[in-house]
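The structure appears below as structure tokens.
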Amino acid sequence: MTVDELGRIVDAARCRVFGWEDAGNEPHRQALAEVIRSTKSEEATILCEPSLTRSTTRPPDIVLVCPHRGVAVIEVKGFGLDEISSIDPGGGFVLHYAGGARGRNPFHQVRNAMFDIKDAAQRVHEGQLTIPFRYFVALPCIRRSAWMAKWGASAPIPKELIFQDDLSRLSPALLHNGMKRLGSLGREAWPAADLAALKCAFGDTSVLFPVPEERAPRRAREATLGEMFDEAAESYKVLSDEQQKLSAQFWENGPRIVRGVAGSGKTIVLANNLARRVQRLERGHALFSEASAGLKILVVCFNRTLVPFVEKKIATSYLQRTGATLPNGVVHVMAFNRLMWHLADKGVWRYQKVFEKGKNDRDRAAQYQADLSYVKKNDTPTFDAHAYDAIYCDEGQDFLEEEFKLLSQLVRRDQSEPSLFVFYDDAQNLYGRTRPNWQSLGLNVVGQRSHIMTECFRNTRQIVEVAFNVLYGSFAENKSKIPTRAFGDVSSLLEKGLLTERDGYKQVHFARREGSRPIANVAPSEEAENQYVLQRLRWLVKEQEVRPEDILVLGFKKERIERLAAFLRGKTENGLPEIHVAFKEKDDILGQRHRLTLSTVASAKGYDAYCVLLVSAQDFKVDVDSRATFYVACTRAIEHLEVSTCGQPSGLFAEFQQAINRV
């Protein structure tokens, strides 16, 4: 059973299948294929090596979840009959190894895995689980008749032992027994609450809305924002089908493009996909072979403050899947300018200063390409020592076309097509970059190499809808200064029914979660606005018991944030927490425990917080770049958004007010 053959079986399956690419050997694929083919139920889900949110043990090989069959946990063992020297009544095997015989009991392993799943589901269930759990050990390389011929008809065969010829009958038998048991209880299916709890237990979930440290346990007063945010943070969150499928894909050859609306989970997919990639290479011993001892995967973003955030997501995802820390030196996360400096230090090219007089970003990229071409031609040992096996690019809308070309040339020379994987959202284009012509760059991203993520999970509908209407100037006086429909691929959203227009107002359908309306405030002066922000922070922290790390204060200009930080630092004796100014401490993650983060919008891009206060909205212009920046600022808010301005309401703030009245 090859990977391609299994892929065709998955494509034809009637049930839902996740993670099948992780079936790392032929016996595993063979067992998985038989379970898939014999499960002819659209409501059933089959998971291959699924992770648990709070488990650091090895995941089971196959898990079948069905509202009629219940839960079946299957451990696959690929050894042949000749490799077993003896058996015992408890289900243990003694196997021949190169170093001698060794006993193994896979029944203990799969039983523990089953109880791990059951315990994880029970933790999030408000009542008691009633759905039945079963476990099995599958031997796809051994037929039942051969087993009995070797050990005799009286040899113990645990009822949980499944042979090659039993695999196709397992799922139908589970269905028969499940329906019989349901009938005896007067039910048609196992409770939806049980299935929901199981769904919460699975998936690469610990990287969803992560915090840099674990949240200290506490009990906030009921009906406060603090309680609401705590419940949201502590509850289990589950990857969507789309996120799971993208996370599980193994991009072996050629580039990939993943576009998505704000809050769709692009960075989550990046982290999970990369962690799985490293895990697969480990499973194949690639990390320890001489040929791949120098394995290097690069993750690059434009924003330096985003680096520790992305590093945290990747490390969390890998730890959850494997129970181990990332191998040293395999994954390198760098801001783009830091990458340029790093490779200059290694002799790959000459460093080009960002603000060098007479040079723009395109000039610098061209000079880097010229230097790189010279090194690849005349000093291949230097290039080969620092080339990458794969490059993941987060927040790709920040990069120039020439910079993508440069990145594509940093992969190893033996790649027929560069392993460059780009994640981006046109609507968050702060720097006014035009979308690259991928074909002109020599990057083939047509067909299944390009994917669009169209559902927002981060923000409430009210927040996204208001911000979206400001972005596209639904209430703009000058329509010449608004983005075209191609800017954020509005036409695609309209065609898919994810966006509708009525009297010029855009109603968003790609964010399902409902919440409260954003709040707009007008202050007569900056001093008055400072006092307003102080009042709101005290209200949030003291009266609403919101954790400081759940609040993000944003502004357009550094100077404004610096003045506000100085003002607030003078008030910390009145109960305000320590102030963290993001662009002053660029290598520190935002949202640290017990610290209140102030930042420019640009430095906070890629982050989010349950509560966002956006100050001095009058600093935003009414051009396309400023609209994109305003959109990014608003969509950092998960649940609660407040925007304030100084002086007479005008510009984007006035549009924001009108959008609030329509949402």
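Quick check, is V612 assigned to a strand (DSSP E or B) and either buried (at least 23 other Cβ atoms within 10 Å of the Cβ) or in contact with a Ser or Thr (Cβ under 6 Å, 6 or more places away or on another chain) (or both)? Considered against the rule, which asks whether it is assigned to a strand (DSSP E or B) and either buried (at least 23 other Cβ atoms within 10 Å of the Cβ) or in contact with a Ser or Thr (Cβ under 6 Å, 6 or more places away or on another chain) (or both), V612 comes out as yes. Could you go through region 578-591 and let me know if any residue there is touching a residue at least 12 places away in the same chain (Cβ under 8 Å), touching a strand residue (DSSP E or B) at 6+ places or on another chain (Cβ under 6 Å) and of a type in the set (V, I, T). Yes, there is a match, as at least one residue in region 578-591 is touching a residue at least 12 places away in the same chain (Cβ under 8 Å), touching a strand residue (DSSP E or B) at 6+ places or on another chain (Cβ under 6 Å) and of a type in the set (V, I, T).
Considering (1) in a loop (DSSP other than H, G, I, E, B); (2) modelled with pLDDT of 70 or more; (3) farther than 25 Å from V71 by Cβ, the lone condition that E231 does not fulfil carries the number (1). Take D345 and tell me if it is among the acidic types (D, E), exposed (fewer than 13 other Cβ atoms within 10 Å of the Cβ) and modelled with pLDDT of 95 or more. In short, yes. Considered as a group, the residues in region 131-158 that are touching a helix residue (DSSP H, G or I) at 6+ places or on another chain (Cβ under 6 Å) and closer than 21 Å to P50 by Cβ include one that is surrounded by the most Cβ atoms within 10 Å (Cβ to Cβ), and that residue is A138. There is no residue in region 177-192 that is in contact with a helix residue (DSSP H, G or I) (Cβ under 9 Å, 6 or more places away or on another chain) and assigned to a helix (DSSP H, G or I). Mind listing whichever residues of region 422-457 are in contact (Cβ under 8 Å) with a residue 40 or more places away in the chain and outside any loop (DSSP other than H, G, I, E, B)? Of everything in region 422-457, those that are in contact (Cβ under 8 Å) with a residue 40 or more places away in the chain and outside any loop (DSSP other than H, G, I, E, B) turn out to be V422, F423, Y424, D426, A427, Q428, R449, S450, H451, I452, M453, C456.
Within region 626-659, track down each residue that is in a helix (DSSP H, G or I) and either of a type in the set (D, E, K, R) or assigned by TED's automatic domain parsing to the domain that holds R433 (or both). Break it down into steps so the answer makes sense when it comes.
Of the residues in region 626-659, the ones in a helix (DSSP H, G or I) are 626-634, 651-659.
Within region 626-659, R627, E655 meet the criteria.
Name the single residue that is farthest from A385 (Cα to Cα) among those in region 275-298 being modelled with pLDDT of 55 or more and among the hydrophobic types (A, V, I, L, M, F, W, C).
Of all residues in region 275-298, those modelled with pLDDT of 55 or more come to 275-284, 293-298.
Next, only the ones that are among the hydrophobic types (A, V, I, L, M, F, W, C) stay: 275, 278, 281, 293, 295, 297-298.
Working: A275: 23, V278: 19, L281: 20, A293: 11, L295: 10, I297: 13, L298: 14 Å.
By that ranking, first place goes to A275.
Candidates are the residues of region 486-519 that are of a type in the set (V, I, T) and either in contact (Cβ under 8 Å) with a residue 60 or more places away in the chain or loosely packed, with under 15 Cβ neighbours inside 10 Å (or both); the one that is nearest to E642 (Cα to Cα) is I519.
With the condition kept exactly as written, say whether any residue in region 357-380 is farther than 30 Å from A604 by Cβ, among the acidic types (D, E) and either out of contact with any strand residue (DSSP E or B) (no Cβ under 6 Å at 6 or more places or on another chain) or crowded, with 17+ Cβ neighbours inside 10 Å (or both).
Keep residues of region 357-380 that are farther than 30 Å from A604 by Cβ, which gives 358, 366-367, 369-380.
Adding the requirement that they be among the acidic types (D, E) leaves 371, 379.
From what's left, either out of contact with any strand residue (DSSP E or B) (no Cβ under 6 Å at 6 or more places or on another chain) or crowded, with 17+ Cβ neighbours inside 10 Å (or both): 371, 379.
Yes, there is a match, as at least one residue in region 357-380 is farther than 30 Å from A604 by Cβ, among the acidic types (D, E) and either out of contact with any strand residue (DSSP E or B) (no Cβ under 6 Å at 6 or more places or on another chain) or crowded, with 17+ Cβ neighbours inside 10 Å (or both).
The set of residues in region 18-38 that are under 17 Å from R276 (Cα atoms) and buried (at least 22 other Cβ atoms within 10 Å of the Cβ) comprises F18, G19, W20, A23. Selection of region 550-576 for residues being part of a loop (DSSP other than H, G, I, E, B), surrounded by fewer than 18 Cβ atoms within 10 Å (Cβ to Cβ) and modelled with pLDDT under 95 yields G570, K571, G575. Only residues that are surrounded by 24 or more Cβ atoms within 10 Å (Cβ to Cβ) and either of a type in the set (S, T, N, Q) or closer than 22 Å to T322 by Cα (or both) were counted in region 248-264, giving 1.
Annotation: of all residues in region 302-325 being part of a loop (DSSP other than H, G, I, E, B) and at pLDDT below 90, the one that is surrounded by the fewest Cβ atoms within 10 Å (Cβ to Cβ) is T325.
Filtering L185, L175 for residues that are out of contact with any Pro (no Cβ under 9 Å at 6 or more places or on another chain), modelled with pLDDT of 90 or more and surrounded by fewer than 17 Cβ atoms within 10 Å (Cβ to Cβ) leaves a single hit, L185.
Going through (1) more than 19 Å from L161 (Cβ to Cβ); (2) within 26 Å of the chain's Cα centre (by Cα) one by one, I36 falls short only on (2).
Taken as a whole, the condition of being touching a strand residue (DSSP E or B) at 6+ places or on another chain (Cβ under 8 Å) and in a helix (DSSP H, G or I) applies to A528. Of the residues making up region 577-594, those that are exposed (fewer than 15 other Cβ atoms within 10 Å of the Cβ) and either in the same structural domain as V333 (by TED's automatic domain parsing) or on the phi > 0 side of the Ramachandran plot (or both) number 1.
What are the residues in region 458-480 that are touching a Ser or Thr at 6+ places or on another chain (Cβ under 9 Å) and either more than 15 Å from I660 (Cα to Cα) or assigned to a loop (DSSP other than H, G, I, E, B) (or both), if any?
If we filter region 458-480 for residues that are touching a Ser or Thr at 6+ places or on another chain (Cβ under 9 Å), which is where we start, we get 458-460, 462-464, 467-468.
Correct list: R458, N459, T460.
The values are calculated or read from the model by the stated rules, or taken from the named source; none is laboratory data. Everything numeric here is computed off the predicted structure, so don't read it as measured data. Backbone-built Cβ (ideal geometry, glycine too); neighbour counts: all protein chains shown.
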